[in-house]
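See below for the structure under consideration.
The values are calculated or read from the model by the stated rules, or taken from the named source; none is laboratory data. This structure is a prediction, so every number in the text was calculated from the model and none was measured. Every residue, glycine among them, receives a Cβ derived from its backbone with ideal geometry; neighbour counts consider all protein chains shown.
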């Protein structure tokens, strides 16, 4: 197991907006043929099969002007990003170092199952627009300036991304214009009861027609929408923590075996009464 704690502790002392790459499953995370980084930014508290499904679907989906989805798989790498500062949420169990260890198992699962290089990084930025900027600066400095970043989102997160309240007093177009210059979004629908599936699938068409408030129609070309997996699209880290807290061991089937073993053996959720 990679030792995350020293790197995490050092990074937490950083005061400026920043990103740090901690670990990669392969020696070369960015190859000469790599032109796109698939960014999964989450609390990973804990990681679960929904995360794995989101990555898997993004790897086989045609993004932008790529000729075919299948031929482009080898030109993509996956980056798992843990935000140590979040605009909506206060820190809660598990500790950041425990989440990074669980992300380590998820990264290897992604590489072993899906055949792509996967890395783990941390950021102290809370907004996607700031994360995208620090990622661009980091990879331009350390690797190349010929990379595009695709953020992997659930539909509910897309709605938050495009919510003007997070960027006030700036306008949404002013705040996110730079984001969509270097980044785009792959979005899975979610069957969470908040938004009807039909409405989710029609969202981009409404945007193209100028029917989404504060949002330029051209942004629809930077958002790639796909239908979520019925078995995983309603999974969330918070729902798994609730099962752990209640002593309902059905949570074990909702994550990967290595992550489930880590939780049962290391008890990162003891503060919410993790069962033995």
Go through segment 213-272 and count every residue that is out of contact with any strand residue (DSSP E or B) (no Cβ under 6 Å at 6 or more places or on another chain) and assigned to a loop (DSSP other than H, G, I, E, B).
20
Consider segment 239-262. How many of its residues are surrounded by fewer than 19 Cβ atoms within 10 Å (Cβ to Cβ), without any contact (Cβ under 8 Å) to a residue 60 or more places away in the chain and within 19 Å of residue 53 (Cβ to Cβ)?
6
Hey, any hits in segment 126-139 for a residue that's within 22 Å of residue 44 (Cα to Cα) and not in a helix (DSSP H, G or I)?
yes
Could you list, in sequence order, all residues of segment 138-151 that are under 19 Å from residue 22 (Cα atoms), in contact (Cβ under 8 Å) with a residue 12 or more places away in the chain and out of contact with any strand residue (DSSP E or B) (no Cβ under 6 Å at 6 or more places or on another chain)?
139, 142, 143, 144
Filter result (within 20 Å of the chain's Cα centre (by Cα), in contact (Cβ under 8 Å) with a residue 40 or more places away in the chain and crowded, with 18+ Cβ neighbours inside 10 Å) within segment 154-174
154, 155, 158, 162, 166
Is there a residue being crowded, with 18+ Cβ neighbours inside 10 Å, touching a strand residue (DSSP E or B) at 6+ places or on another chain (Cβ under 9 Å), without any contact (Cβ under 8 Å) to a residue 40 or more places away in the chain and not in a helix (DSSP H, G or I) anywhere in segment 178-186?
yes
In the list 125, 118, which residue meets the criterion of being at pLDDT below 95 and surrounded by 21 or more Cβ atoms within 10 Å (Cβ to Cβ)?
125
